[in-house]
Amino acid sequence: MSARLALAVLLPIVACAVQWYLWDIFKPYAWFFFIPTVFLSAWIGGLNGGLAATVIGALLAWYFFISPTLSFHLINPVSAFSIIVFVLTGCLFSVFFDQLRRSKKQANDALAIAESANEKISDLYQKLKEAQRLASVGNWSWDIQCDKHTWSEEVYNILDRDPALHAIAYPDVQEYFTPESWSELSVAVERCLSEGVSYECDVEVVRPSNCPRRWIAASGEAIRDANGNIVNLHGTVQDISERKRVEQSLRESEEQLAVIINSAMDGVIAVDEQQRIRLFNPAATEMFGLSMVEAIGQPLSRLLPERFHQAHEKAIVNFAHTSLKARRMGGMGENSGIRANGQEFPIEASISQSVIAGKKLFIAIVRDITERKQTQDEILRLNFDLERRVVERTAELTAANRELDSFAYAVAHDLRAPLRAMSGFSHALQEDYGHQLQGEPLIYLEQISLASRKMSDLVDGLLLLSRSTRGGLQYELVDISAMSKRLLAELAQSDHGQHAMVEVEAGLQAQCDARMLEVVMRNLLGNAWKYTSHVENPTIRVYAENRDNAHFFCVADNGAGFDMAHANRLFKPFQRLHRQDEFPGIGIGLATVRRIVNRHAGSIEARGEPGKGATFCFTLSDMPVTLEQDT
Amino acid sequence: MINTKNILLVEDNPQDEMLTMRALRRANLINQIDVVRDGQQALDYLFREGDFIGREDPDHPAMVLLDIGLPRLSGLEVLERLRSDDRTKFLPVIMLTSSDEEYDRLKSYENHANSFVRKPVDFSEFAETVGRVGVYWLATNEPPPGR
């Protein structure tokens, strides 16, 4: 600024010098160079420069070029007037340029402000765009007078429309909505147009491409001019598909939950911290005879018999202080509920606690166990009945067994006495009066003796048979080989006329009742002995064989044998396959053998052929004990 | 030395009684044979009670042939009573029975019967058995020292 001022001050001096040098040419025009100089100085130096140049210029021209020259004396009044005009002109130039400079500065300032404002606006616009994108919110406006629609970029995005295209006018925009949504939206827009009522509604958008449908929240409001006429509509659209989806799934899960709770067989009852009922499902309604409306808000104790109230309340409070999520209710004892009609009924309940929206909620699952209790009672009763009946039957059976025992005893004792009398007295007769009798009477007496002996054998056989089914079995390891040898030796000793070849396999053993097994072996070996009495080289074998997953003990002989056609009669009491005169017997031995074998959970079978011998094989149990296992 | 004291036969079956008597006689035993017909009578006889108060013979019989199947008191009960009484605990008692029930045999031995004899159906066997028993207990066996 000072340089400009110095230049402005210097210019009149330079003009003075130039005019002094060229004075001869420009004489008498004393102001010729000074007027443009002052103009220049005012341009360059502004108000101060101009004024300084004017004063300096006026003084220099007055002194050097106005006559009398080189003095400040004024002779001619015109000269004085010219000085005044010059000074005024100089002042005018100064003021003019000063004004000019101020205007220019103002203009520049204004321009700068405008530019910065522009920047800010553009920045804001970007931010707005960003915000709309992030929030999926777009805005639109509709100038009704010129029917001009304007959409923000996000509106295009939401409707999936090419931003290069123009905004679609109302009501052509219908194509973007489902029919249901459009009917709702169009009604709202029409009301906004005609009555100026703002609207907000959720509508479903169908987008042209195969994009999934979207839900948007559309809102709009009217703008009126000074006269109150509606001139513009503007509003926003927001993509709420995600919210809708969440709402939908929430609704679905809520519905599912409701279905579960409503269709549950068990009563579901939610109770708040004040123990007031907050939820009461249909099963609970039915169980307690209380409608949902009646139940909600009621204290939980309403559902319980009075004697449980205190304990129950305490139990819930205690439970609330535990960190347990759930537990059975009623712990030790029975739990009961009470119906609206005052009827008590047994329940089974569990309780759980959770905090929902900052509030504690207890959820009780209640089951009416009346039927179960009845069933249990019934089962108990039936069991009791059954046990009683078992005891009764056992007693009956014991009594029957005892009766049978005494019957057998009576048979043994009392049946023999008359036989003995028959035999005894016929003998006495023979001894005392035998010499008076001859021929047939003696034979008759002998027949009486024979018959009584036969009858005695029958009684003995029957007793053995009946004894074989009575009494417990005392299992022990029995050496069958040794037993067989002993029995065969006894047979050989009692029958001097017969010498049979005997082969007894060594090491035959079984876990069984020794005395019972002896009855078996005595019978089988006795039979073998008896039925080989007519053959030339009688042979009796005792051996074991394994077949059909069973361990058989066998007694085989080469005697009379039997016809397999009659094999099924062998084991029946009093059934014989041979005549008395062939082989005497009473037909009860094998029946006894089979009973004993059966009592040992075994089985017996017979193979035979007439004239070639018979084999009897029996099992005693699934797992016979062998010598090897024993040692 | 033949014991000449009485023999007591306890038998309810008259036919068995007759046969037993016959067998004993034929074994040449000359002793007097007293017969009672049930268990109670047997005890009364031996302890001189009831009908037998003041029984003439001051001694116990030389032996008792005791049937098991008796009316009122069974032979086993009689035996038990005899063995629990000091007066009769050494008295020779021979159980005579039709049955060969193990229970009877076991009980007889538990109560210290001196013998257990099954009455065979066959008469000659029966007679022989009774005779042998009689001879054994009256002639062969030495009785306990008298008090």
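Checking the structure you have, find out if any residue of region A:158-174 is aliphatic (A, V, I, L, M), in the same structural domain as A:Ile240 (by TED's automatic domain parsing), in a helix (DSSP H, G or I) and under 13 Å from A:Ser241 (Cβ atoms). Walk me through how you get there before you give the answer.
Initial filter on region A:158-174 (aliphatic (A, V, I, L, M)): A:158-159, A:164-165, A:167-169, A:173.
After this cut, where a residue has to be in the same structural domain as A:Ile240 (by TED's automatic domain parsing) as well, the list is A:158-159, A:164-165, A:167-169, A:173.
Among the residues that remain, those that are also in a helix (DSSP H, G or I) are: A:158-159, A:173.
Still in the list and also under 13 Å from A:Ser241 (Cβ atoms): A:158-159.
Scanning region A:158-174, I find at least one residue that is aliphatic (A, V, I, L, M), in the same structural domain as A:Ile240 (by TED's automatic domain parsing), in a helix (DSSP H, G or I) and under 13 Å from A:Ser241 (Cβ atoms), so the answer is yes.
When region B:84-113 is examined, which residues are found to be free of Cβ contacts under 8 Å to residues at least 24 places away in the same chain and more than 9 Å from chain A (Cβ to nearest Cβ)?
Residues of region B:84-113 that are free of Cβ contacts under 8 Å to residues at least 24 places away in the same chain, as a first pass: B:84, B:86, B:89, B:100-103, B:105-106, B:109-110.
Those that are free of Cβ contacts under 8 Å to residues at least 24 places away in the same chain and more than 9 Å from chain A (Cβ to nearest Cβ): B:Ser84, B:Asp86, B:Lys89, B:Arg105, B:Leu106, B:Tyr109, B:Glu110.
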**OP:** Give the residue, chosen from A:Thr285, A:Thr322, A:Thr236, that is among the polar types (S, T, N, Q) and more than 29 Å from the chain's Cα centre (by Cα).
**Re:** A:Thr236
Original post:
Which one of A:Gln493, A:Gln474, A:Gln511 is polar (S, T, N, Q), closer than 17 Å to A:Ile604 by Cα and out of contact with any helix residue (DSSP H, G or I) (no Cβ under 7 Å at 6 or more places or on another chain)?
Top reply: A:Gln511
Original post:
In this structure, is A:Glu184 in a helix (DSSP H, G or I), at pLDDT 90 or above, among the charged types (D, E, K, R) and surrounded by 12 or more Cβ atoms within 10 Å (Cβ to Cβ)?
Top reply: yes
Subject >> Pairs, first within 24 Å of B:Asp12 (Cβ to Cβ) in region A:421-438, second surrounded by fewer than 17 Cβ atoms within 10 Å (Cβ to Cβ) and among the aromatic types (Phe, Trp, Tyr), C-beta under 9 Å, six or more apart >> reply: A:Ser426/A:Tyr444
Subject >> Hits in region A:405-418 - residues which are facing another protein chain (nearest Cβ under 7 Å) and either outside any helix (DSSP H, G or I) or more than 16 Å from B:Glu11 (Cα to Cα) (or both) >> reply: A:Tyr409, A:Ala412
Original post:
Is there any pair linking a residue in region A:166-192 that is closer than 18 Å to A:Asp202 by Cα to one that is surrounded by fewer than 16 Cβ atoms within 10 Å (Cβ to Cβ) and among the basic types (Lys, Arg), with Cβ under 8 Å and at least six apart or on different chains, and which?
Top reply: A:Tyr176/A:Arg207; A:Thr178/A:Arg213
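Residues in region A:243-251: is at least one hydroxyl-bearing (Ser, Thr, Tyr) and surrounded by 12 or more Cβ atoms within 10 Å (Cβ to Cβ)?
Within region A:243-251, the first condition is being hydroxyl-bearing (Ser, Thr, Tyr), and the residues that meet it are A:249.
Retained after the next criterion (residues that are surrounded by 12 or more Cβ atoms within 10 Å (Cβ to Cβ)): none.
Within region A:243-251 (the criterion being hydroxyl-bearing (Ser, Thr, Tyr) and surrounded by 12 or more Cβ atoms within 10 Å (Cβ to Cβ)), the answer is no, since none of the residues qualifies.
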Subject >> Meets criteria (touching a Leu at 6+ places or on another chain (Cβ under 8 Å) and not in a helix (DSSP H, G or I)) for B:Val121 >> reply: yes
Original post:
Is it the case that some residue within region B:114-124 is of a type in the set (D, E, K, R) and more than 14 Å from chain A (Cβ to nearest Cβ)?
Top reply: no
Original post:
Does A:Leu404 satisfy the criteria of being of a type outside the set (Phe, Trp, Tyr) and more than 19 Å from B:Thr97 (Cβ to Cβ)?
Top reply: yes
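Restricted to region A:601-615, and to residues that are touching a Phe, Trp or Tyr at 6+ places or on another chain (Cβ under 9 Å) and assigned to a strand (DSSP E or B), which residue is surrounded by the fewest Cβ atoms within 10 Å (Cβ to Cβ)?
Initially, region A:601-615 is screened for residues touching a Phe, Trp or Tyr at 6+ places or on another chain (Cβ under 9 Å), giving A:602-610, A:613-614.
Right, trim to assigned to a strand (DSSP E or B) and you get A:604-609, A:613-614.
Numbers: A:Ile604: 21, A:Glu605: 14, A:Ala606: 17, A:Arg607: 15, A:Gly608: 23, A:Glu609: 12, A:Gly613: 23, A:Ala614: 26.
Ranking the candidates gives A:Glu609 first.
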Subject >> Index of the failed condition, A:Ser481 passing every other in (1) without any contact (Cβ under 8 Å) to a residue 60 or more places away in the chain; (2) assigned by TED's automatic domain parsing to the domain that holds A:Arg541 >> reply: (1)
**OP:** Return a yes/no flag: does region B:35-57 have any residue that is touching a residue at least 24 places away in the same chain (Cβ under 8 Å), in contact with a helix residue (DSSP H, G or I) (Cβ under 6 Å, 6 or more places away or on another chain), within 14 Å of chain A (Cβ to nearest Cβ) and surrounded by 14 or more Cβ atoms within 10 Å (Cβ to Cβ).
**Re:** no
Original post:
Of all residues in region A:419-436, which are more than 7 Å from every other protein chain (Cβ to nearest Cβ) and under 21 Å from A:Leu458 (Cα atoms)?
Top reply: A:Met422, A:Phe425, A:Ser426
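Are any residues in region A:1-26 touching a Phe, Trp or Tyr at 6+ places or on another chain (Cβ under 8 Å), touching a residue at least 12 places away in the same chain (Cβ under 8 Å) and not small (Gly, Ala, Ser), and if so, which ones?
First pass over region A:1-26, keeping only residues touching a Phe, Trp or Tyr at 6+ places or on another chain (Cβ under 8 Å): A:12, A:15-16, A:18-20, A:23, A:26.
In the following step, the residues that additionally are touching a residue at least 12 places away in the same chain (Cβ under 8 Å) were identified as A:12, A:15-16, A:18-20, A:23.
Within region A:1-26, A:Pro12, A:Cys16, A:Val18, A:Gln19, A:Trp20, A:Trp23 qualify.
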Original post:
Taking region A:608-618 only, how many residues are modelled with pLDDT of 90 or more and basic (Lys, Arg)?
Top reply: 0
Subject >> Sole residue being small (Gly, Ala, Ser) and in a helix (DSSP H, G or I), chosen from A:Ser94, A:Ser141 >> reply: A:Ser94
**OP:** Could you identify the single residue in A:Ser350, A:Ser354 that is surrounded by 15 or more Cβ atoms within 10 Å (Cβ to Cβ), at negative phi and free of Cβ contacts under 8 Å to residues at least 40 places away in the same chain?
**Re:** A:Ser350
Subject >> Subset tally (residues that are assigned to a strand (DSSP E or B), among the small types (Gly, Ala, Ser) and within 22 Å of A:Thr370 (Cα to Cα)) for region A:300-352 >> reply: 4
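The values are calculated or read from the model by the stated rules, or taken from the named source; none is laboratory data. Note that this is a predicted model, so its numbers are computed, not measured. Cβ atoms come from the backbone with ideal geometry, glycine included; neighbour counts cover every protein chain shown.
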